[in-house]
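Chemist: Can you keep this structure in mind? I'll have questions shortly.
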Amino acid sequence: MPFDIASVRGLFPALGDGWIYLDPQTGMQIPDSVASAVSTGFRSLPVVAGSRSPQARAAAETIENARRAVADLLGADPAGVVLGSSRAALMSALADALPLSAWLNRNIVLSRSDDEAVLTPALTGAARHGTQVRWAEIDVEDGTLPTWQFADIIDDRTSLVAVTLASSVNGAITDIGPIAGHARAARARLLVDATTAAPYVPLSMDELGADAVLVSAERWGGPRVAALVFADPEQLGSLVRVSMNPKAAGAARLEPEPLPGALLAGLIASIEYLAGLDQAAAGTRRERITASMDATFEYVHRLLYYLVNSLSHLSNVRVIGPDVHRVPVVSFVVEGVPATEVCVRLSDNGIAALAEVPSRALGSIGVDEIGGAVTVGLSPYSTPYEVDQLVRVLGSFG
């Protein structure tokens with residue numbers, strides 16, 4: 001069954017304002033079902049789990065349902081799902097939870113493709129313990145992350161390897177397999193940030209081969225809630241408790257405070273939304289998610305090809321890595337025009353795009369020296385007409 005873009009757009013009330021939203025990195029638009037779930041949750045779940053009141057019991061059930069929903073998204077065990085307010089909060093919790101043996105006389109491996117939400121807490125932890133930081137560099141020609149270099153920078157003193165599955169500025173997809181192999185050989189923990197890829201591709205803990213996977217729901221139309229998912233829940237027992245509840249067990253040990261039940265209700269609704277993107281999908285929620293993500297990727301990939309091809313035909317636009325294998329996120333520069341000025345003109349024409357996204361990857365390429373890059377991303381509700389409007393405005397420069 002063809003991807004029903006009209007039905008998908010009908011799920012988003014905000015799209016009726018006439019704007020073209022090409023900035024999913026700041027948060028995709030919210031489906032009506034998610035907004036309703038959050039609204040209902042604030043009315044019916046005002047307390048956190050802990051007592052025996054009906055509301056507290058409902059809050060506890062919502063937490064477990066949220067863990068199950070995230071587990072279905074990743075093909076994981078719900079017992080390994082740690083919930084948090086953001087990626088940065090979860091990374092900070094992980095840095096605090098790692099035992100001293102993971103820091104002292106060890107090294108960690110980070111990449112220039114990673115977002116600051118991952119890098120800053122890891123760098124803070126390393127600085128606190130005097131741990132060496134090794135960097136995986138990007139290819140300055142196309143913004144990809146070559147995997148061959150990990151054989152040289154991962155060794156038997158490496159305790160943590162953090163890498164992104166897809167770049168948030170150019171969408172370049174990282175081949176995780178070889179990196180996972182090097183991490184396993186060194187007995188290092190592998191953390192994969194799958195946040196940018198999650199709205200577009202089916203995810204599998206087994207296929208990624210990671211010890212932990214990080215995702216953030218606002219990237220696919222959910223509330224600003226994140227999850228850190230462990231492949232083996234027993235790993236949690238080797239980490240220091242960061243929860244303020246001394247009786248916290250399992251995944252809750254890495255959750256400093258309980259999240260509001262309303263946001264968790266929205267998280268559950270957002271994963272149900274993903275599962276329903278393909279109206280023909282059937283079976284368990286995991287099966288429906290996989291089928292819907294396959295259908296979504298097929299649609300946005302065709303639209304991505306149209307976007308990159310259209311941008312490449314503009315003489316004044318240079319796409320960063322036009323031929324890379326990517327999710328539908330693209331960065332480009334307009335010759336002689338600062339990125340902020342480009343985005344102002346796009347905004348004047350009702351198009352939301354991003355300028356000067358904080359990115360070590362873009363900084364490595366050198367775009368900051370020529371006025372910065374514009375970053376755009378497609379969503380399941382994006383259309384060819386919206387791509388045409390973007391290209392029309394960009395063609396007006398020069």
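Values in this text are rule-based calculations from the coordinates and carry no lab data. The structure displayed is predicted, hence computed values, not measured ones. Methodologically, a virtual Cβ is constructed for each residue, glycine included, from the backbone with ideal geometry; neighbour enumeration extends over all protein chains shown.
Chemist: Rounded to a whole number, what is D in µm²/s for the range 73-133 from Stokes-Einstein with the Kirkwood radius over alpha-carbon pairs (4 °C, 1.567 mPa s)?
Modeler: 102 µm²/s
Chemist: Sticking with this one: To the nearest 20 debye, what is the magnitude of the charge dipole of the range 145-203 about its Cα centre, counting +1 on the Cβ of each Lys and Arg and -1 on the Cβ of each Asp and Glu?
Modeler: For the range 145-203, the charge dipole is close to 180 debye.
Chemist: With the alpha-carbon atoms as the only input, what is the per residue convex hull volume for the range 213-358 in Å³?
Modeler: Looking at the range 213-358, the number lands at 189 Å³ per residue.
Chemist: Considering the alpha-carbon set of the range 255-319 alone, what are its Rg and its Dmax in angstrom?
Modeler: When restricted to Cα atoms, the range 255-319 yields Rg and Dmax of 18.0, 52 Å.
Chemist: For the range 83-175, what proportion of DSSP beta bridges, expressed in % and rounded to the nearest 5, is antiparallel?
Modeler: If I count the DSSP bridges inside the range 83-175, around 10 percent turn out antiparallel.
Chemist: For the range 151-236, what is one quarter of the convex hull surface built on the Cα atoms, given in nm²?
Modeler: 6.1 nm²
Chemist: Over the range 326-372, what is the relative contact order in percent, taking alpha-carbon pairs closer than 8 angstrom and at least six residues apart?
Modeler: The normalised contact order for the range 326-372 reaches 43 percent.
Chemist: With both bridge residues required to lie in the chain, what share of the DSSP beta bridges run antiparallel, to the nearest 5%?
Modeler: Looking only at bridges with both residues in the chain, the antiparallel portion is about 50 percent.
Chemist: Divide the volume of the convex hull of the Cα atoms of the range 197-242 by its number of residues and quote the answer in cubic angstrom per residue.
Modeler: Enclosed volume per residue, from the Cα hull, is 78 Å³.
Chemist: Turning to a different aspect of this structure: Could you tell me the center-to-center distance, by alpha carbons, between the range 1-71 and the range 128-167 in angstrom?
Modeler: Centre-to-centre distance over Cα atoms comes out at 35 Å.
Chemist: Now for a different question. Once you keep just the Cα pairs under 8 angstrom separated by 6 or more residues, what percentage relative contact order results for the chain?
Modeler: After rounding, I find 23 percent.
Chemist: Could you work out the mean projected area of the convex hull around the alpha carbons of the range 45-200, in square nanometres to one decimal?
Modeler: Projected area, direction-averaged: 10.8 nm².
Chemist: Also: What fraction of the Cα pairs in the chain, stated in percent, has a spacing above 38 angstrom?
Modeler: 20 percent
Chemist: Pairwise over distinct Cα atoms, reciprocal of the mean inverse distance: report the Kirkwood radius of the range 201-285 in Å, one decimal place.
Modeler: The answer is 14.8 Å.
Chemist: Would you mind computing the Rg to Rh ratio of the range 302-398 from its alpha-carbon coordinates, Kirkwood style for Rh?
Modeler: Ratio of gyration radius to Kirkwood radius for the range 302-398: 0.92.
Chemist: Enumerate by residue number the trypsin sites (Lys or Arg not before Pro) in the range 194-284 meeting two conditions: DSSP loop (anything except H, G, I, E, B), and at most 15 other Cβ atoms within 10 Å of the site's Cβ.
Modeler: Here the sparse-neighbourhood loop sites are Arg224, Lys247.
Chemist: Round to a whole angstrom and tell me the spacing of the C-alpha centers of the range 237-270 and the range 72-126.
Modeler: Between the Cα centres of the range 237-270 and the range 72-126 lies a distance of 15 Å.
Chemist: What number, rounded to the nearest 500 deg cm²/dmol, is the helix-based mean residue ellipticity at 222 nm of the chain, given -39500 (n - 2.57) per DSSP H run of at least four residues and division by all its residues?
Modeler: Roughly -12000 deg cm²/dmol at 222 nm, from the helical runs in the chain.
Chemist: While we're looking at this one, here's another question. Can you pull out the chymotrypsin sites (Phe, Trp or Tyr not before Pro) in the range 66-155 whose DSSP state is coil and whose Cβ has at most 11 other Cβ atoms within 10 Å?
Modeler: The qualifying sites are Trp148.
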